[in-house]
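First comes the structure, then the notes that go with it.
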Amino acid sequence: ARRTETLQSSAGYVGKIGSATVALAVQLMHENTEEPLSIEEISKATNRSARSLERSFKVHLSSNPSLYYREIRLNLAHNLLMNTDLSNTEIALATGFKSGFSSAYKKVFGVTPHVVRKLTRNREGKIS
């Protein structure tokens with residue numbers, strides 16, 4: 001389920017980020033990984049224009065909202081690959097990638113999800 005309403009606990013992010021607006025945006029991103037929100041939806045939920053949100057991300061996180069959101073989803077995917085028996089397809093869908101998961105993952109981590117899964121299983125003594 002998609003969540004765009006104002007969230008109560010973005011305060012935890014504010015201290016780390018330094019901006020209530022960016023903190024709320026980041027929280028929305030974390031809470032909507034399976035069905036990612038558009039940057040437009042996130043900007044509306046933070047009462048900012050998409051451009052204003054981009055500028056705030058640049059100042060506080062040295063990134064832009066789209067890239068930051070993708071990193072959140074790919075880091076979650078990496079965690080799921082390393083710590084669950086979910087298939088690569090299940091992980092891709094759980095992190096909002098209807099297509100392009102393997103190439104996006106490889107671009108960030110240097111190897112495909114299939115290779116990570118194979119190495120993880122071999123390390124755990126499972127036959128792949």
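General observations
- Working from label points 7 Å from Cα in the Cα-to-Cβ sense, the T120 to D85 distance is 1.3 nm.
- Accessible area in square angstrom per residue, region 41-82, 1.4 angstrom probe: 55 Å²
The values are calculated or read from the model by the stated rules, or taken from the named source; none is laboratory data. These figures come from a predicted structure and were not determined experimentally. For neighbour counting, all protein chains shown are included, and Cβ atoms are generated from backbone atoms with ideal geometry for every residue, glycine included. Just so you know, the surface numbers come from the protein's heavy atoms only, side chains and all, with ligands and any DNA or RNA stripped out. Shrake-Rupley method; radii C 1.70, N 1.55, O 1.52, S 1.80 Å.
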